[in-house]
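K.L.:
Sharing a structure here in structure tokens format.
The values are calculated or read from the model by the stated rules, or taken from the named source; none is laboratory data. Note that the coordinates shown come from a computational prediction; the quantities given were computed from them, not determined experimentally. With ideal geometry, Cβ positions are generated from the backbone for all residues, glycine too; neighbour counts draw on all protein chains shown.
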Amino acid sequence: MPGTYKLFTALVALIGSVSLVSTGEINPLFSVIGAGLLWGYYRALRSYPSLPKWAVGTLTSTTFIIFLINLYINRDIFISVAQMTLIFQTIKSFDIKDPWDPLQVFFMSLLQLLMASELTTTIYFGIIFVVFVIFFVISIVLGHFVKEGQGTFRPYRKPTVLITIITIILTIAFFVSLPRFRSSLWGQSFSKGIKTTGFSEKVDFGSFEELKLDETVVMRMLISPDAGGPHYLRGMTFDYFDTSAWHDTLKHTRRMFRTSDDFNIDVPADAKKYEAEIYLEPIDTDVIFIFKRPYKIDAPGFFMRSDNAGSFYMKQKASKRFFYKLYSIDGYYYDNMDIDSYLQFPDNILSVKKMTEGITANSADNLKKTEKIKNYLISNYTYSLSAGKPSDGSNAIEYFLLKSKKGYCEHFATTMVLMLRSINIPARLVTGFLSSQRNDIGNYYLVRQSDAHSWVEAFIDGRWMIFDPTPQADISRKPPLLLFLDMMRLNWNRYIVGFSSYDQKQAANYLLGFSTIKIGLPAIPYVNIFFAVLVMLILFFIYRSKRNGYVHSKYADISAEYIRLRKMVSRYGGKITPSSTTNDVLREAVNAGRFNTEEIKRFIGCYRFLRFSGRSDKVLLKDFLRSAKALKKI
Amino acid sequence: MSNIRLTKEGKRFLIAVALIGLASVNTGNNLIYLIFSMMLSLLFISFIIASVNLRKIEVTAEFEEPLYANTPFEIRVAFHNKKIIPSYSIAMLFPLSISGELYVPVIKKGRSREKFYNVLTMNRGRYLLKHLKLRTGFPFVFMNLYKEIDYGKELIVYPRIMDVSSLLKDIPLHFSEREGMRITTGGDFLLSREYVYGEESKNIDWKATARAQKTMVKEFSMGDERLATIILDNSSDVNEVVFEKAVSIAASLCTVFVERDYYVRLITCGKVIPFGKGRIHLFKMLDILAGIRILNAAGCPVDELTEGMNILVVSSENLVFSGIASQCAGVIDARYI
């Protein structure tokens, strides 16, 4: 086997294994075993003898046993299979003998890539995929020449490069044009979401601390027009506090159904309008984060849910990236349903009430009182992620308020809500994100786990007003290179991972100047028409090739007409056997009395000439086809 | 349209494509769509490039005649690429009778490429090469595309010519050149033989033409003509190997006597080649012997022996021609050769 072929086999195997390891889901021990293929291919390239059959057999059996044990321990068949392929790649690297062995390696690498695609959605997968396509194509072209017994590849470099480029272009074309469905059929993707907190019915007090240290990107947002950040991305609200956790006890959610392409919300849209495109990573919540007050949401799914507090929820937690578009206005929420619930106050925090009355003593109206509380907290308390916990058994709010005087958003917002409630102002805790990091390279906002935030909404003068009592923390700027890489990530997530039927429509719109062909109702997407036509064409060609017995000789059509005539004659009572000659057919056709004698004579005469003379005659062929058509009409 | 056949790898790949396609629809994972797209494009490219690869490729195959059984010969195959792009990895498949294939790694655009194929052994017979088949699997390993090109040539492989001098030694050649015996006197009518293009029409033997259903001419004696009749008994059901040997002996005898300037006639069950001489006549006889098969006794011209030296070649004891064995100068039994 030529050395070049071995080298490319090694590279494809390596890329396949790297794709799995790069997901971060593989046990390091298996990654180390997988790295053994480097040694195996080194031996193969140096033409060292491959492992004896018994050794390969033993190692393979052992791998199966390891697989079973692994499966028993981690109860995850997907990961267990992935880890098993790493061992198999290594074993195979020591057993490359025949020209067919590399093909097994290629298939296994393809399988590894496939599994990696389910374990990760990072841009690194994209880079690995492109490299894989290049080496995979080159390898199978080389494989072709090896199969044909060629030992040198120098003359084929040019076509190989060309074929690789064509493959990449076609892959993009297929990727863009393959029909997409709004949801999966009966299975779910294996890809895992990012663990988060703060967006469920119960949120433990203090749970934001670990989020504040997590730099994982959870969202990217493009806003138009953008007057500059930071921007509040509202998640959900909480009404009940039991000194250790916040609860959403109201749960008055209702279904909203799609009207045409969007979910419309009954909101007067006469204020300043904004559009926000949000690419939400698969975080562990069904909350749809909103920017300002939306009057329309364009999101996948047949329905979504909303509650009286103005929070929106997906049908279910997204297992993959979720893209939606918000059409919003500057505005307030006016809903006063369950207003008493927002006055709930824990019994054992009496010091809060005293302190609040002191702060707001000279203020006449609720708005001023609220502003005073907010300013008091901002001026007298410090932002810190190391808030500490009360050691004397007292509750966390009193500890923050009276002792430590330092904390993070959760402390400030919770304290303010309780302070407002203590003086009979309805208030609620809102969780969401505060986006402050703008990527000027891509003109979008980066939202990380560390941007998780909580603030306050107070019901003043018949409307819910926003107050953020948390002092500003230092915002660290990221280096331009990192911002550029993140912009690449956004595009990867936007145009590859999050590619949808909506994007197909947009692409069609861009390319063809129209997105749908309206035939009455409903609108039929052009992509579906294109694929329907394509499928029909393929079926037609398959039918044609079948009819002609796959091999289309120049006589096939002529013979097909003759065979059709034989069947017709037989159907009309003529005695046609497999050995019937053209004379027999002619005689039987005339005897049948259903055919025009002159026509059938012309047909048979033309057939004999066209089929057996070895010459072609266009005029005669025309006559023949005309006769065939005339005979069919009987 | 050409004929596509998936290779073993191609079938596996196709199954993988179907499964991955299903997985992509099922999970809605765009990264699986990406892999699926790559696999589809590989299949698509495989088919398109293979089709383009075989387009406008013309092939001519030539060989130097005559061809003899079990004697190696060479076929010169020329591939002509009339496209504006090169073609890669094309093989010409020979029919079953020849078996094997000729591979050309590259044919540059607008160029021809010549290759020689050595046929080591072939049985005697007439082979109609209606089509030549081209194959390409380029650029991948998933499928082979076949295309038939009209060829329409007949390849006639004559029986093997063997050295029969030792056999002739044992035959009492009453009329042989050894004794220098003349069988006719000059200027007399000698025999009727088939017309050869360019001969004078005055010599046409109209009666014989009517009888034989083909143009025959009269041959007149020059006074030193020697006649030999080779009779091959192909009437009985015999061992194939022995029969082949008998055919080979008959062909060799025909060759020897034509080379010795005899007027040679070939009689077999089903076919009779009248007296004639020269290479064209020899090839007529060899044509018959190339395609001769064992027939039943019906149609065997047992009563045609009247003149010249007769040699009977047999391959079994059940002879249709046994009655005339006594009139023959020699009887050669192929079973003992």
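K.L.:
With A:T4, A:T9 as the choices, which residue is at pLDDT below 90, polar (S, T, N, Q) and within 25 Å of B:T7 (Cα to Cα)?
P.N.:
Checking each option against the conditions leaves just A:T4.
K.L.:
So if I check each of A:S31, A:S93, A:S17, A:S50, which one is away from chain B (no Cβ under 14 Å) and farther than 26 Å from B:M38 by Cβ? Lay out the reasoning, then the answer.
P.N.:
Numbers: A:S31 fails: farther than 26 Å from B:M38 by Cβ; A:S93 fails: farther than 26 Å from B:M38 by Cβ; A:S17 fails: farther than 26 Å from B:M38 by Cβ.
Result of the check over A:S31, A:S93, A:S17, A:S50: A:S50.
K.L.:
Is it the case that the range B:78-91 has a residue that's at pLDDT 90 or above and of a type in the set (F, W, Y)?
P.N.:
Taking every residue of the range B:78-91 in turn, at least one turns out to be at pLDDT 90 or above and of a type in the set (F, W, Y).
K.L.:
Collect the residues in the range A:1-22 that are surrounded by fewer than 22 Cβ atoms within 10 Å (Cβ to Cβ) and of a type in the set (S, T, Y), keeping them in residue-number order.
P.N.:
A:T4, A:Y5, A:S22
K.L.:
Output the qualifying pairs, or none if there are none: Cβ atoms under 7 angstrom, residues six or more apart or on different chains, first residue in the range B:109-130 and touching a residue at least 12 places away in the same chain (Cβ under 8 Å), second residue among the polar types (S, T, N, Q).
P.N.:
These pairs meet every condition: B:K109/B:N81; B:G110/B:N81; B:R111/B:N81; B:T121/B:N70; B:M122/B:S97; B:Y127/B:S97.
K.L.:
Consider B:I90 carefully, then state whether it is part of a strand (DSSP E or B) and within 14 Å of chain A (Cβ to nearest Cβ). Walk me through how you get there before you give the answer.
P.N.:
Working: part of a strand (DSSP E or B): yes; within 14 Å of chain A (Cβ to nearest Cβ): yes.
Answer is yes for this residue.
K.L.:
Return a yes/no flag: does the range B:116-124 have any residue that is over 23 Å from the mean Cα position of the chain (by Cα), more than 26 Å from A:V146 (Cα to Cα) and in a loop (DSSP other than H, G, I, E, B). Outline the logic, then answer.
P.N.:
Just the residues of the range B:116-124 that are over 23 Å from the mean Cα position of the chain (by Cα), to begin with: none.
No, the range B:116-124 has no match at all.
K.L.:
Which residue out of B:I85, B:I75, B:I48, B:I15 is in contact (Cβ under 8 Å) with a residue 24 or more places away in the chain, surrounded by fewer than 21 Cβ atoms within 10 Å (Cβ to Cβ), out of contact with any strand residue (DSSP E or B) (no Cβ under 9 Å at 6 or more places or on another chain) and more than 8 Å from chain A (Cβ to nearest Cβ)? Please lay out each step first, then the result.
P.N.:
Details: B:I75 fails: out of contact with any strand residue (DSSP E or B) (no Cβ under 9 Å at 6 or more places or on another chain); B:I48 fails: in contact (Cβ under 8 Å) with a residue 24 or more places away in the chain; B:I15 fails: in contact (Cβ under 8 Å) with a residue 24 or more places away in the chain.
Result of the check over B:I85, B:I75, B:I48, B:I15: B:I85.
K.L.:
If you take the residues in the range A:385-409 that are in a loop (DSSP other than H, G, I, E, B) and either touching a Cys at 6+ places or on another chain (Cβ under 7 Å) or at pLDDT 80 or above (or both), which one is nearest to A:Q472 (Cα to Cα)? Lay out the reasoning, then the answer.
P.N.:
Step one: filter the range A:385-409 for residues in a loop (DSSP other than H, G, I, E, B), giving A:385-395, A:405, A:408.
Still in the running and either touching a Cys at 6+ places or on another chain (Cβ under 7 Å) or at pLDDT 80 or above (or both): A:405, A:408.
Details: A:K405: 15, A:Y408: 10 Å.
It comes out as A:Y408.
K.L.:
Here's another thing I want to ask about it. Being assigned to a helix (DSSP H, G or I), surrounded by fewer than 20 Cβ atoms within 10 Å (Cβ to Cβ) and modelled with pLDDT under 90 is true for just one of A:F107, A:F78. Which residue is that?
P.N.:
Numbers: A:F107 fails: modelled with pLDDT under 90.
Exactly one of A:F107, A:F78 is assigned to a helix (DSSP H, G or I), surrounded by fewer than 20 Cβ atoms within 10 Å (Cβ to Cβ) and modelled with pLDDT under 90, namely A:F78.
K.L.:
Separate question: Yes or no: A:V133 facing chain B (nearest Cβ under 7 Å), surrounded by 19 or more Cβ atoms within 10 Å (Cβ to Cβ) and part of a helix (DSSP H, G or I)? I'd like the intermediate steps shown before the answer.
P.N.:
Numbers: facing chain B (nearest Cβ under 7 Å): yes; surrounded by 19 or more Cβ atoms within 10 Å (Cβ to Cβ): yes; part of a helix (DSSP H, G or I): yes.
For A:V133, the condition - facing chain B (nearest Cβ under 7 Å), surrounded by 19 or more Cβ atoms within 10 Å (Cβ to Cβ) and part of a helix (DSSP H, G or I) - is met.
K.L.:
Do you know which residues across the range B:144-154 are within 10 Å of chain A (Cβ to nearest Cβ), surrounded by fewer than 21 Cβ atoms within 10 Å (Cβ to Cβ) and either free of Cβ contacts under 8 Å to residues at least 12 places away in the same chain or closer than 25 Å to B:L14 by Cα (or both)? Outline the logic, then answer.
P.N.:
Let us first name the residues in the range B:144-154 that are within 10 Å of chain A (Cβ to nearest Cβ), namely B:146-148, B:150, B:152.
Keeping just the survivors that are surrounded by fewer than 21 Cβ atoms within 10 Å (Cβ to Cβ) gives B:146, B:148, B:150, B:152.
Within the range B:144-154, just B:Y146 meets the criteria.
K.L.:
Return yes when B:V141 is crowded, with 21+ Cβ neighbours inside 10 Å, at pLDDT 85 or above and closer than 20 Å to A:F145 by Cβ and no when it is not. Before you say what the answer is, go through the steps one by one.
P.N.:
Numbers: crowded, with 21+ Cβ neighbours inside 10 Å: yes; at pLDDT 85 or above: yes; closer than 20 Å to A:F145 by Cβ: yes.
Yes: the conditions hold for B:V141.
K.L.:
Can you tell me which residue is farthest from A:I79 (Cα to Cα) among those in the range A:137-149 that are facing chain B (nearest Cβ under 8 Å) and crowded, with 17+ Cβ neighbours inside 10 Å?
P.N.:
As a first pass, look at the range A:137-149 and keep what is facing chain B (nearest Cβ under 8 Å): A:137, A:140-141, A:143-145, A:147-149.
Adding the requirement that they be crowded, with 17+ Cβ neighbours inside 10 Å leaves A:137, A:140-141, A:143-145, A:147-148.
Values: A:V137: 27, A:I140: 28, A:V141: 31, A:G143: 30, A:H144: 33, A:F145: 36, A:K147: 35, A:E148: 38 Å.
If we take residues in the range A:137-149 being facing chain B (nearest Cβ under 8 Å) and crowded, with 17+ Cβ neighbours inside 10 Å, then A:E148 is farthest from A:I79 (Cα to Cα).
K.L.:
As an exercise: evaluate B:N3 against (1) modelled with pLDDT under 90; (2) more than 9 Å from chain A (Cβ to nearest Cβ) and give the number of the one condition it does not meet.
P.N.:
Unmet for B:N3, out of (1) modelled with pLDDT under 90; (2) more than 9 Å from chain A (Cβ to nearest Cβ): (2).
K.L.:
What do you reckon, is A:I87 part of a helix (DSSP H, G or I), within 19 Å of A:S22 (Cα to Cα), of a type outside the set (F, W, Y) and without any contact (Cβ under 8 Å) to a residue 12 or more places away in the chain? Walk me through it before giving the result.
P.N.:
Numbers: part of a helix (DSSP H, G or I): yes; within 19 Å of A:S22 (Cα to Cα): yes; of a type outside the set (F, W, Y): yes; without any contact (Cβ under 8 Å) to a residue 12 or more places away in the chain: no.
In short, no.
K.L.:
Right, another one. Any residue that is closer than 30 Å to A:I168 by Cβ and touching a helix residue (DSSP H, G or I) at 6+ places or on another chain (Cβ under 9 Å) - is there at least one of those in the range A:44-59?
P.N.:
Kept after step one, since they are closer than 30 Å to A:I168 by Cβ, are these residues of the range A:44-59: A:44-45.
Remaining after also requiring touching a helix residue (DSSP H, G or I) at 6+ places or on another chain (Cβ under 9 Å): A:44-45.
Within the range A:44-59 (the criterion being closer than 30 Å to A:I168 by Cβ and touching a helix residue (DSSP H, G or I) at 6+ places or on another chain (Cβ under 9 Å)), the answer is yes, since at least one residue qualifies.
K.L.:
How many of the residues in the range B:117-132 are buried (at least 19 other Cβ atoms within 10 Å of the Cβ) and basic (K, R)?
P.N.:
Number of matching residues: 1.
K.L.:
Let me ask another. Just one of A:A507, A:A458 is touching a Ser or Thr at 6+ places or on another chain (Cβ under 6 Å) and either in a loop (DSSP other than H, G, I, E, B) or not aromatic (F, W, Y) (or both); which is it?
P.N.:
None of the others qualify; the one that does is A:A458.
K.L.:
Restricting attention to the range A:150-178, report how many residues are under 30 Å from A:I529 (Cβ atoms) and facing chain B (nearest Cβ under 7 Å).
P.N.:
First pass over the range A:150-178, keeping only residues under 30 Å from A:I529 (Cβ atoms): A:165-178.
From what's left, facing chain B (nearest Cβ under 7 Å): A:166-167, A:170-171, A:174-175, A:178.
The number of residues fulfilling the criteria is 7.
K.L.:
Can you say whether A:F181 is facing chain B (nearest Cβ under 7 Å) and at pLDDT 85 or above, as far as the supplied structure shows?
P.N.:
So A:F181 does not fit the description; no.
K.L.:
Within the range A:238-253, can you find the residues that are in a loop (DSSP other than H, G, I, E, B) and over 20 Å from A:K315 (Cα atoms)? Full working, then the answer.
P.N.:
Start the filter on the range A:238-253 by keeping residues that are in a loop (DSSP other than H, G, I, E, B), which leaves A:239, A:242-244, A:248-253.
Scanning the range A:238-253 gives A:D239, A:D242, A:T243, A:S244.
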